[in-house]
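The values are calculated or read from the model by the stated rules, or taken from the named source; none is laboratory data. On a predicted model such as this, the values are computed, not experimentally measured, just so you know. Every residue, glycine as well, gets a Cβ built from its backbone with ideal geometry; the counts of neighbours run over all protein chains shown.
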Amino acid sequence: MKEEIKERIVKEIGKSIPDIESIKDKIKVEIPKEEKFGDLSINAAFLLTKHLRKKPLEIAYQIKEILEKLPEFQKVEVAGAGFINLFLSTDYYEQIIKQILVEKDSYGAAKDKNKGRINVEFVSANPTGPLHLGHGRGAVVGNVQSNLYEYLGYNVEREFYINDAGRQIQKLGESVYARFRQIEQPDYPFPEDGYHGEYIKEIAQHLYKYEREKILSMVDEKQAIDFCGEFAKELLLERIKNDLKEFGVEFDIWFSEKKLYTSGEVEEALQFLKNKGMIYEKDGAVWVKTTLYGDDKDRVIIKSDGSYTYFAGDIAYHYDKFKRGYDFIVNVWGADHHGYFPRLKAAVMAFGVPENWINVMFIQLVKLFKEGKEIKMSKRSGSFITLKELIEEVGKDAVIYFFLTKDSDTHLNFDIDLAVKKSSENPVYYVQYAHARICSVFREAKERFGFDPEEDFEADISLLKEETERALMKFLAFIPDLIREAGERKQPHKLTQITYQLASEFHYYYNNFKFLNPDDENLMRSRLLLLKAIRETLRTLFKLMGITPLERM
RNA sequence: GUCCCCGUAGCUCAGAAGGAUAGAGCGCGAGAUUCCUAAUCUCGAGGUCGGCGGUUCGAAUCCGCCCGGGGACACCA
C-alpha cells in the first residue's frame, strides 16, 4: 500500500516538479511515531533541496498544495524542518476493512501465486539423536520464512537434508553396539567419541530384546555395528519427523545424502565441474578451484585416501537442487557454518547460476538458562534438553514465539523459568489474550443482544472517529507492508513485533472504550466490525508464525 | 591473523537500505474492576544508543579506526 501511494504521489508531484523522478527511489513513505504527524509522512522535500536549491520547508509547502487536491487525503500538513504529513480519508479505511473481511486469515497475501518456485532447506539435523533447541530455532525460522515466501506469492518446497552417510552414522552404530554388548558384559569398551545420551541405551535395550540372536550371530563385528547404526538412524529419523510434525513443521522433501553416493550423482556433479575446468589434482588429492568464484583457497573434494569429503557430497546435493530448476534457494544453517558458505557458493556459481541464487540464513546459538545459570548443551556428553521436552514443558506456541523474538542471526538466551511461567510476563499469552478477548466480546454480543458478529454484517466506518480507532485502522492498513518487508528481508522475527503491537493497541482500545453499548446500535456495529478486522489480522499473523488462535483462555 | 554476531534503561532485548522528543517487557513506585475476561490498562522514575573521527540539512542507523564480549576459520561432518 505504501508503494501504491508513493507511485500516486510521485506522479502528481512530477507534473509540476519533474526533478522528483530522479530521487524517487530515495523517497520514504513512513508511518510516523506520533498521531499528530499524520497517517503517513514523506521526506521528499529534503531530497529535493539540492536539485531546486531551496530550503526544505519552502519545497514542502509547494508539494502540500499539490497533494491537498487528491481524494485519498483528508488533510496535508507541513511540519518540522520539512516533513509532509498526510492524513488518510475515511473512504480509504472503509476499503481496507472490507478487504480484510474478504481475505480473512490471508489478509494481504499475494493472490497471484506465480512469483516463482523456490526451495527452503532447514533443520537437516544428523539423525544421531533427538532435536535440540538449536534445531528448534532453525525449524521455526525456516518454516516461518517459508510461510512468508508463500505470502509473497512464491511456490515453496520445504526440504530436510538427511546426513545419513559418513562418520556420524558410523559413530552412532558403534555407540549403540557398545551399549548392546555392555548389557551382558559391563566392561565392554565404549567408543571415546561416542554418543552418551540415554536414548542410545534405550535403543540398545530394544535391540537386545528383539534382535539379540541376530546381532550376536553376525561373524563380523563391523556388520553388527552397521546393523545397529542403520536401525538407530531409522528410528531416530522417525522420532525427528514426529517431533517436527507436532511442532507444526512439515517437509515436502526428505533428501538422503547417502543416495547421492549410491545414485552416482556425486560423480556426475564432479564431472560437470571437471568439464568446466574447475578440477585439478595436487598432493595426491583432487581439488576444486573455488578461488575462481571468491573463495579464499581451493578445496579438497577427494582425499588422498580416495574417499570423498563432505564438501563433495554437498556440491552434488546442490547440483541436484540446481537441476531441479528453482528460481532461488535458501539454506538455513547453524552460524558455525558461516565460513563454509563462500566455498559452497563458489561451487554453485560454477554451475552458472545468478549471483543471488543461493541464500543462507544463519541461526546463532540458543543459550539455555535455568535458575539464572546457563545449561551447557552437548550431544556427545548427553547433557541437553531436547526440543520435545521443552515443548512439553512450555507449550508449542510459547516456544515458537520465543524463537521468533530475535533476529535469527543473533544469540538468543532462552530462560526456561520465564517461558514456563504461564503469566503475563510471557508475551505469547499477551497476544493470544487479545484474540481470545475479541472472541469473548462476540459471544457476549450474541448472548445479550442476539446479534452474532461471527456472521457477516455491515456497518458505517465513518462513525469510528476516536484517535485510537483511526490509529488501529491505519495500522491494519499497513500490516501487509510490514509482513512483506519481513519476508523480503528474511526477518521472520519481525512478525512477533507486529503482532505484539497490534495486540497492545487492541488492549488499550478495550480498556478505554466500550464496544457493547445498546444505546447506540450503529456505533456498536461499527466497533464490532473493527474488532472483527483486528481479529482476522491477528489470525493472519498467527497463521504465518504457526501459533494457535485461542478462543478462550 | 582473517571472517561472522553482539555492545541501546537495573535486567532481557526491540528499533538500523539516515529523519521529528530513542522504545517495549520484566523489575521498582503510584493508580484503574457498579461495565464486554485485571492473562488487561494508565501514570512515574530510569539513557552520553561502547569510544573517537568522517559523510550532510540531519547519524543509534552509513563509512573509517579503536575498545570489550561471543563464535568460526580441517584432506572433519
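Kindly check whether there is at least one residue in region A:449-460 that is surrounded by 20 or more Cβ atoms within 10 Å (Cβ to Cβ) and assigned to a helix (DSSP H, G or I). No, the conditions are met nowhere in region A:449-460.
Looking across A:Ser41, A:Ser22, A:Ser89, one residue alone is of a type in the set (S, T, N, Q), within 16 Å of RNA strand B (Cβ to nearest atom) and surrounded by fewer than 18 Cβ atoms within 10 Å (Cβ to Cβ). It is A:Ser22.
Name every residue in region A:169-183 that is in contact with a Phe, Trp or Tyr (Cβ under 9 Å, 6 or more places away or on another chain) and not charged (D, E, K, R), in order of residue number. Matches in region A:169-183: A:Leu172, A:Gly173, A:Ser175, A:Val176, A:Tyr177, A:Ala178, A:Phe180, A:Gln182, A:Ile183.
So which residues in region A:135-172 are aliphatic (A, V, I, L, M), away from RNA strand B (no atom under 16 Å from the Cβ) and within 9 Å of the chain's Cα centre (by Cα)? A:Ala139, the sole residue that qualifies. Where strands (runs of 3 or more DSSP E) sit wholly within region A:83-174, none has at least 3 residues that are out of contact with any strand residue (DSSP E or B) (no Cβ under 8 Å at 6 or more places or on another chain). Just a yes or no: is a residue in region A:456-475 more than 14 Å from RNA strand B (Cβ to nearest atom), hydrophobic (A, V, I, L, M, F, W, C) and modelled with pLDDT under 90? Within region A:456-475, one or more residues are more than 14 Å from RNA strand B (Cβ to nearest atom), hydrophobic (A, V, I, L, M, F, W, C) and modelled with pLDDT under 90. For region A:517-547, filtered to residues that are part of a loop (DSSP other than H, G, I, E, B) and surrounded by 14 or more Cβ atoms within 10 Å (Cβ to Cβ), the residue that is nearest to RNA strand B (Cβ to nearest atom) is A:Ile547. A:Phe322 fulfils the conditions (1) modelled with pLDDT of 85 or more; (2) among the aromatic types (Phe, Trp, Tyr); (3) within 10 Å of RNA strand B (Cβ to nearest atom) except for a single criterion, (3). Once region A:353-365 is narrowed to residues that are modelled with pLDDT of 80 or more and of a type in the set (A, V, I, L, M, F, W, C), the residue that is farthest from A:Leu404 (Cα to Cα) is A:Val353.
Criterion applied to A:Ser424, A:Ser440 was being at pLDDT 80 or above and surrounded by fewer than 16 Cβ atoms within 10 Å (Cβ to Cβ), and the one residue passing it is A:Ser440. Cβ separations smaller than 7 Å between residues 6+ apart or across chains give the following pairs from region A:239-261 residues that are polar (S, T, N, Q) to residues that are buried (at least 16 other Cβ atoms within 10 Å of the Cβ) and not in a loop (DSSP other than H, G, I, E, B): A:Ser256/A:Ile162.
For A:Asp336, indicate whether it is surrounded by fewer than 19 Cβ atoms within 10 Å (Cβ to Cβ) and more than 30 Å from A:Asn155 (Cβ to Cβ).
Working: surrounded by fewer than 19 Cβ atoms within 10 Å (Cβ to Cβ): yes; more than 30 Å from A:Asn155 (Cβ to Cβ): yes.
Judged against the criteria, A:Asp336 is a match.
Checking region A:480-490 against the condition returns a match, with at least one residue being away from RNA strand B (no atom under 13 Å from the Cβ) and closer than 21 Å to A:Lys2 by Cβ.
A:Lys388 meets the conditions (1) within 13 Å of RNA strand B (Cβ to nearest atom); (2) closer than 15 Å to A:Val140 by Cβ; (3) at pLDDT 85 or above; (4) more than 17 Å from the chain's Cα centre (by Cα) in every case but one. The failed one is (1). Residues that are crowded, with 20+ Cβ neighbours inside 10 Å and not aromatic (Phe, Trp, Tyr) within region A:44-75 comprise A:Ala44, A:Ala45, A:Leu47, A:Leu48, A:Pro56, A:Ile59, A:Ala60, A:Ile63, listed in sequence order.
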